[in-house]
Ligand SMILES: C[S@@+](CC[C@H](N)C(=O)[O-])C[C@H]1O[C@@H](n2cnc3c(N)ncnc32)[C@H](O)[C@@H]1O
């Protein structure tokens, strides 16, 4: 069943602006962890692109030929378009990828999986949108294996316009394997100083450090050639 767009994912624009600022460090880490160093000539997807910041950063660090960012939120996509500058990225309001069969060399999503109702359908549609041999990097800290998750699930639901789904890392791995991916994963292991106390999401300094080093996880999902 098609999913209806929303105007914005979080309850306020200020919240989304703050999320963008916070996520820049995490996007840099995701890019640093990629096996693919040279994206020249490559076509890239960002699923759940929000205001387009990741694709702008990626192009600055690893210039690609072309990118598409899709998101369910109309206002966020409008901001992504307004901020595009000279980056060769198209931004679309979309919740499925039917118009992109075997199109992308590399796909990304950063903290989007827990907002998707049907993870099996998502795994299948990313698989279909990748070229043979294509790779999907999916970063997920909002999963049910983290000690902070029971608190976070309730907290995130207070500002998310979409239902929040708590799933284990095992269930994500299983969904992607079933869709035909070879599944690899690693800890996110952020390797820089983390600003302490900027968010009330963490109960202690230790919890915050453990989240960014050990709880947050990066899947690397490969479609066979
Ligand atoms: C937590 S935000 C993360 C945004 C961005 N990836 C980042 O790292 O800052 C989740 C994003 O996923 C988008 N999203 C949620 N469900 C979606 C769906 N079914 N299709 C496309 N985008 C979706 C939301 O609108 C929101 O922009």
Cα-based Rg of region 156-199 normalised by 2.2 N^0.38 Å, two decimals
1.67
Taking all pairs of distinct alpha-carbon atoms in region 51-181, Kirkwood radius in angstrom
15.9
At a 10 Å Cβ-Cβ cut-off, how would you order 105, 17, fewest neighbours first?
17, 105
Length-normalised contact order for the chain - Cα pairs under 8 Å, 6+ apart - percent
20
Taking all pairs of distinct Cα atoms, average 1/r, flip it, and tell me the Kirkwood hydrodynamic radius of the chain in Å to one decimal place.
17.7
With R₀ set to 45 angstrom, the calculated FRET efficiency between the beta-carbons of residue 99 and residue 201, to the nearest 0.05, is 0.80
quick shape note, region 107-158: Cα extents on principal axes in Å, largest first -> 40, 17, 16
Exposure proxy order (Cβ contacts within 10 Å, fewest to most) of 215, 93:
93, 215
Linear extension gain, residue 186 paired with residue 38, 0.36 nm per residue minus alpha-carbon span:
51.2 nm
Computed [θ] at 222 nm, deg cm²/dmol, the chain (DSSP H ≥ 4; -39,500 (n - 2.57); rounded to nearest 500):
-10500 deg cm²/dmol
Between residue 159 and residue 78, what is the spin-label point distance in nm, taking each point 7 Å from the Cα along the Cα→C-beta axis?
2.1
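Every number here is computed from the coordinates shown, using simple stated rules; none is lab data. Only a predicted model underlies this, so the values are computations on that prediction, with no experimental measurement involved. Positions of Cβ are backbone-derived with ideal geometry, glycine not excepted, and every protein chain shown enters the neighbour counts.
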